[in-house]
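Novice: Sharing a structure with you now.
Any read-out appearing in this document is the output of simple, stated calculations on the displayed coordinates, not a laboratory observation. All values derive from a computational prediction rather than experimental measurement. Glycine gets a Cβ as well: all are built from the backbone with ideal geometry, and neighbour counts include every protein chain shown.
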Amino acid sequence: MKHALALSLMLFVTPVWAQDSEIDQGTDLLEEGAKLLLRGLLSEIEPELDDMAKALDEAAPKIQELMGMIGDIRNYRAPEVLPNGDILIRKKTPAEIAAEGEGEIEL
């Protein structure tokens, strides 16, 4: 009697194991597909990324020079676009800078 019960339980549980392995196999296939897709995308954009890195290396000294001239970016107002298309970025007055240091943080 015990053997028949054990055998029936084993037969009942076996399909559940089969379903788990099918799910695992499907998950593995999806994971592999995603990896292949990302590798393909990376291989396509890799030359452009290399070009961007070279351009940034070439521009780095000029960017550092510009940042030295600007100083703290918080010392400037928001850009204004004039009717003729010109863009002005005005420097804040010392009083405006001091007033921002006090008070609440604007979100």
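Novice: If you take every residue apart from Met69 with its C-beta less than 14 Å away from the C-beta of Met69, what net charge results, scoring Lys and Arg +1 and Asp and Glu -1? Mind showing how you got there, number by number?
Specialist: On the way: positive: Lys62, Lys91; negative: Glu65, Asp72.
With Lys, Arg at +1 and Asp, Glu at -1, the net is 0.
Novice: Indicate the gyration tensor shape class of the range 22-107 (rounded, prolate or oblate), computed on the Cα atoms with a ≥ b ≥ c the square roots of the eigenvalues: a/c under 1.5 is rounded; otherwise a/b larger than b/c is prolate and the rest oblate. Write out the running numbers ahead of the final one.
Specialist: Working: a/c = 3.25, a/b = 2.10, b/c = 1.55.
Since a/c reaches 1.5 and a/b is larger than b/c, the shape of the range 22-107 is classed as prolate.
Novice: Roughly speaking, what is the stretch gain from Arg39 to Ile87, that is 0.36 nm per residue apart minus the C-alpha to C-alpha distance, in nm to one decimal? Before the final figure, lay out each step's value.
Specialist: Values: separation 48, 0.36 × 48 = 17.28 nm, distance 4.21 nm.
The Arg39-Ile87 span can extend by a further 13.1 nm.
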